[in-house]
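**Student:** Okay, here's the structure, questions in a sec.
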Amino acid sequence: MDRLRCIEVFVEVAHAASFSAAAQRLGMSKGNVTKHVAWLEQSLGVQLLSRTTKSVSMTEAGMTLLESGQAMLEQMSDLEGRLRHSVGGARGVLRVGTQPSFGAYHLVPVVTAFAESYPDVQVLLYLDDGSADLVGERLDLSIRIAPELKDTSYVAVKLARVPQYLVASPRYLSQRGTPSTIDDLDKHECLLNTMKSPNGLWTFESANGAHSIRPKGSVRANFGEPLLHAARLGCGISMHPLYMIEDDLASGALVIVLSEFTPIGLDIYAMYPSRRHLPSRVRAFVDFLRERIGGRENWSETRQYVKQEDVH
């Protein structure tokens, strides 16, 4: 058997902790996946996985191979991609999934610039809630924004970390007062994003450590845009990533409250199914995202807005 292919199969099984899930991910039968791992174990003379009827876990040797093997696969994939790119260039249809708010505020300008640089690539944006099945939806990659990444079955490239802030309109604060502590939020109308906070909690970072509360409010939504509009109308206090509220902060339509208690930030990831045989268009777009989004220097520049919170 091809040793490199066997290592790739093993890496998928290790990440999925399941032969069946890895088989589906690789487009192989479960039996074929099992044969590849068994051949690799036999050729190396070590047991890589511990199997029971209910679970699959790595041995110490398996963890060592996962770390080194994954790095080797990434290097090989990078080399293959660069060679293909130097010969054929990027072309074809690029299917990109993203959450509506990030797509509207930041991805569309990036896609436009990318299309100008790569005229042979057609970009199709697919707006979703960030949980789309890349393989099932036939997406080349997905841009996901979350406090932490739960799905490890895909390759994930971290592009940037974006801060979140609590904001409200001056009108709301003049009527209800400005909270000075996290506990004061219990007296306010809080607008909760159920997708970003599925457990119903707001978690904050401060010099004294993390602190979580369960905000109260009569308006909830599974996307940020309705809550942002509600905040502009003076309906309450809402939490948003910086990229959604920059213009509102600059215009004074919204102000930051409780700036000394920073909500847990969000990471921006580019995710795609596999590094192996990665199309040139996908590699080119990921590199473009690294430059345009990962290279941005002002994701955290909010100091100019913080003083505006003192509205009573």
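**Student:** How far, in nm, would the chain grow between GLU291 and ARG138 when pulled straight, counting 0.36 nm per residue and subtracting the alpha carbon separation?
**Tutor:** 52.6 nm
**Student:** For the range 3-85, what does the alpha-carbon gyration tensor say about shape, rounded, prolate or oblate, given a ≥ b ≥ c as the root eigenvalues, a/c under 1.5 as rounded, and a/b over b/c as prolate?
**Tutor:** Prolate, because a/c is 1.5 or more and a/b exceeds b/c.
**Student:** Of [x] 72, 49, 31; [y] 62, 46, 32; [z] 86, 39, 32, which is the value of Cα extents along the principal axes in Å derived from the coordinates here?
**Tutor:** [x]
**Student:** What is the set of long-range amide H partners of LEU254 at a cut-off below 5 Å, with H atoms built 1.01 Å from backbone N?
**Tutor:** The list, which skips near neighbours in sequence, is LEU249.
**Student:** At 0.36 nm per residue, and after removing the present C-alpha to C-alpha distance, how many nm does the segment from SER29 to ARG91 gain when stretched out fully?
**Tutor:** Values: separation 62, 0.36 × 62 = 22.32 nm, distance 3.12 nm.
Extra length available between SER29 and ARG91 comes to 19.2 nm.
**Student:** Under 16 Å from a point 7 Å along the Cα-to-Cβ line of LEU201: which residues of the range 173-187 have their amide N that close?
**Tutor:** 183, by backbone N distance to the label point.
**Student:** From the phi of every residue in the range 173-189, what ³J(HN,Hα) in whole Hz does the Karplus formula 6.51 cos²θ - 1.76 cosθ + 1.60 yield, where θ is phi - 60° and glycine or proline is x?
**Tutor:** For the range 173-189, the Karplus-derived couplings read 5, 5, 8, 10, x, 9, x, 10, 9, 4, 5, 5, 5, 4, 9, 10, 7 Hz, x marking Gly and Pro.
**Student:** Could you pull out every residue, at least 5 positions away or on a different chain, whose amide H is within less than 5 Å of the one on ARG95? Hs are placed 1.01 Å off N in the peptide plane, and Pro or chain starts have none.
**Tutor:** LEU124, ASP140, LEU141
**Student:** Here's something else I'd like to know. Please find the FRET efficiency linking LEU124 to ASP247, where r is the Cβ-Cβ separation and R0 is fixed at 25 Å, and quote it to the nearest 0.05. Intermediate results must be reported in sequence, preceding the final value.
**Tutor:** On the way: r = 27 Å, r/R0 = 1.08.
Efficiency computed from Cβ-Cβ geometry: 0.40.
**Student:** For GLU74, put the label point 7 Å out on the Cα→Cβ axis and report which residues of the range 259-273 keep their amide N under 20 Å from it.
**Tutor:** Under cut-off, by backbone N: 267-273.
**Student:** On to the next question. Given a Förster distance of 45 angstrom, what is the FRET efficiency for LEU44 paired with ARG161, based on the Cβ-Cβ distance and rounded to 0.05?
**Tutor:** The pair LEU44/ARG161 has a calculated efficiency of 0.75.
**Student:** I would also like to ask the following. Suppose every Lys and Arg Cβ carries +1 and every Asp and Glu Cβ carries -1, with no other charges. What dipole size does the range 135-280 come out with about its Cα centre, to the nearest 20 debye?
**Tutor:** Here the size comes out at about 340 debye.
**Student:** Suppose the chain between SER57 and VAL219 were pulled fully straight at 0.36 nm per residue; how much longer would it get relative to their current alpha carbon spacing?
**Tutor:** That pair, SER57 and VAL219, stretches by 54.0 nm at full extension.
**Student:** Then there is this: As a test of the formula, what do you get for the chain when each DSSP H run with n ≥ 4 contributes -39,500 (n - 2.57) and the sum is divided by the residue count, at 222 nm and rounded to the nearest 500 deg cm²/dmol? Don't skip to the answer; put the middle values down first.
**Tutor:** On the way: 10 runs with 116 residues, N = 312.
It lands at -11500 deg cm²/dmol.
**Student:** Let me ask something else. Within the chain, how many Lys pairs that are eight or more residues apart, or on different chains, come under 26 Å at the alpha-carbon?
**Tutor:** So the count of such lysine pairs works out to 12.
**Student:** Taking H as built 1.01 Å from N, whose amide H comes closer than 5 Å to the amide H of LEU48, not counting residues under 5 places away?
**Tutor:** It is none; the list stays empty.
**Student:** Quick one: 3J(HN,Hα) in Hz for the range 224-229, Karplus 6.51/-1.76/1.60 with θ = phi - 60°, rounded, Gly and Pro as x.
**Tutor:** After applying 6.51 cos²θ - 1.76 cosθ + 1.60, I find x, 4, x, 5, 5, 5 Hz.
**Student:** Rounded, prolate or oblate: which fits the range 164-264, taking a ≥ b ≥ c as square roots of the Cα gyration tensor eigenvalues, rounded meaning a/c under 1.5, else prolate when a/b beats b/c?
**Tutor:** rounded
Every number here is computed from the coordinates shown, using simple stated rules; none is lab data. Computed from a prediction, not measured in an experiment: that's the story for all the values here. Cβ sites come from the backbone with ideal geometry, for glycine too, and all protein chains shown count toward neighbours.
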